[in-house]
Ligand code: ATP
Ligand code: MG
């Protein structure tokens, strides 16, 4: 499984529909200061369900929508779609490509989609559980994350190993069953 494509529209500095294609292996995103490199990783965390405006370097959620520039008007909504290659069926879906989409309007309305079907954020969390993919999972290593892992409490560190071992979904199911 690998990240195949990222489509952004109206997200932060990406006013126009922007598509980035990735291939297996290493991809480097380079560009001058302020050109939108970090906005790409913000988009990835956002589509995976990031709810904190601060961690997306804004003050309110609306700040992820293109706010306009000298030559362009603001837009009314934004959308990020992330497409994974699933030919090995690591994600438990019959599709060989899986696309997760998040859309939000200035009015505050928002939606998540899984292969173009409306879904809940919870469905996305469940789908990626134990894959290392997620807004806080180890597939996204931000600045300072290594220090955080090394200095975190042993219980927090254990969560990282549990995700890698693939047992988070069983623990989650057990917890849910105990609630009922
Ligand atoms: P650096 O090399 O300094 O880390 P970078 O390439 O990571 O830079 P970003 O932080 O991704 O750059 O992009 C910052 C730019 O995105 C700024 O010019 C900022 O004005 C623009 N930006 C952020 N949010 C919005 C928004 N909602 N509407 C329009 N532009 C935005
Ligand atoms: Mg940056």
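Return only the number of the condition from (1) within 16 Å of ligand 2 (Cβ to nearest atom); (2) modelled with pLDDT under 95; (3) assigned to a loop (DSSP other than H, G, I, E, B) that residue 55 does not satisfy.
Of (1) within 16 Å of ligand 2 (Cβ to nearest atom); (2) modelled with pLDDT under 95; (3) assigned to a loop (DSSP other than H, G, I, E, B), only one is false for residue 55: (3).
Just need a number here: residues in the range 1-21 that are away from ligand 2 (no atom under 16 Å from the Cβ), without any contact (Cβ under 8 Å) to a residue 60 or more places away in the chain and under 21 Å from residue 105 (Cα atoms).
The number of residues fulfilling the criteria is 4.
Just to be sure I understand, how many residues within the range 35-57 are out of contact with any strand residue (DSSP E or B) (no Cβ under 9 Å at 6 or more places or on another chain) and either more than 17 Å from residue 22 (Cβ to Cβ) or within 12 Å of ligand 1 (Cβ to nearest atom) (or both)?
Filtering the range 35-57 down to residues out of contact with any strand residue (DSSP E or B) (no Cβ under 9 Å at 6 or more places or on another chain) leaves 35, 37-38, 41, 45, 50-57.
If we keep only those that are either more than 17 Å from residue 22 (Cβ to Cβ) or within 12 Å of ligand 1 (Cβ to nearest atom) (or both) too, we end up with 35, 37-38, 41, 50-57.
Number satisfying all stated conditions: 12.
Filter the range 91-106 for residues that are in contact with a strand residue (DSSP E or B) (Cβ under 9 Å, 6 or more places away or on another chain) and without any contact (Cβ under 8 Å) to a residue 12 or more places away in the chain and give the result.
If we filter the range 91-106 for residues that are in contact with a strand residue (DSSP E or B) (Cβ under 9 Å, 6 or more places away or on another chain), which is where we start, we get 91, 93, 96-106.
Once the filter is applied, which keeps residues that are in contact with a strand residue (DSSP E or B) (Cβ under 9 Å, 6 or more places away or on another chain) and without any contact (Cβ under 8 Å) to a residue 12 or more places away in the chain, the range 91-106 yields only 96.
Against the definition (more than 16 Å from ligand 2 (Cβ to nearest atom) and not in a loop (DSSP other than H, G, I, E, B)), how does residue 124 come out, yes or no?
On the way: more than 16 Å from ligand 2 (Cβ to nearest atom): yes; not in a loop (DSSP other than H, G, I, E, B): yes.
So residue 124 fits the description; yes.
Scan the range 22-41 and report the pairs whose first residue is within 15 Å of residue 6 (Cα to Cα) and in contact (Cβ under 8 Å) with a residue 24 or more places away in the chain and whose second residue is assigned to a loop (DSSP other than H, G, I, E, B) and near ligand 2 (Cβ under 10 Å from one of its atoms), with Cβ atoms within less than 8 Å and a gap of 6+ or a chain change.
Between residues of the range 22-41 that are within 15 Å of residue 6 (Cα to Cα) and in contact (Cβ under 8 Å) with a residue 24 or more places away in the chain and residues that are assigned to a loop (DSSP other than H, G, I, E, B) and near ligand 2 (Cβ under 10 Å from one of its atoms), the close pairs are 40/29.
So which residues in the range 58-74 are part of a helix (DSSP H, G or I), in contact with a strand residue (DSSP E or B) (Cβ under 9 Å, 6 or more places away or on another chain) and either over 16 Å from residue 103 (Cα atoms) or within 9 Å of ligand 1 (Cβ to nearest atom) (or both), if there are any at all? Explain how you work it out, then say what you get.
Of all residues in the range 58-74, those part of a helix (DSSP H, G or I) come to 61-64.
Pick out the ones that are also in contact with a strand residue (DSSP E or B) (Cβ under 9 Å, 6 or more places away or on another chain) and you get 61-62, 64.
Answer for the range 58-74, where residues must be part of a helix (DSSP H, G or I), in contact with a strand residue (DSSP E or B) (Cβ under 9 Å, 6 or more places away or on another chain) and either over 16 Å from residue 103 (Cα atoms) or within 9 Å of ligand 1 (Cβ to nearest atom) (or both): 62, 64.
Please give the number of the condition residue 40 fails out of (1) within 16 Å of ligand 2 (Cβ to nearest atom); (2) over 17 Å from the mean Cα position of the chain (by Cα).
(2)
Please go through the range 75-96 and pick out each residue that is over 19 Å from residue 129 (Cβ atoms) and in a loop (DSSP other than H, G, I, E, B).
Across the range 75-96, the qualifying residues are 75, 76, 87, 96.
The values are calculated or read from the model by the stated rules, or taken from the named source; none is laboratory data. Being a predicted model, the structure only gives us computed values, none of them experimental. Every residue, glycine as well, gets a Cβ built from its backbone with ideal geometry; the counts of neighbours run over all protein chains shown.
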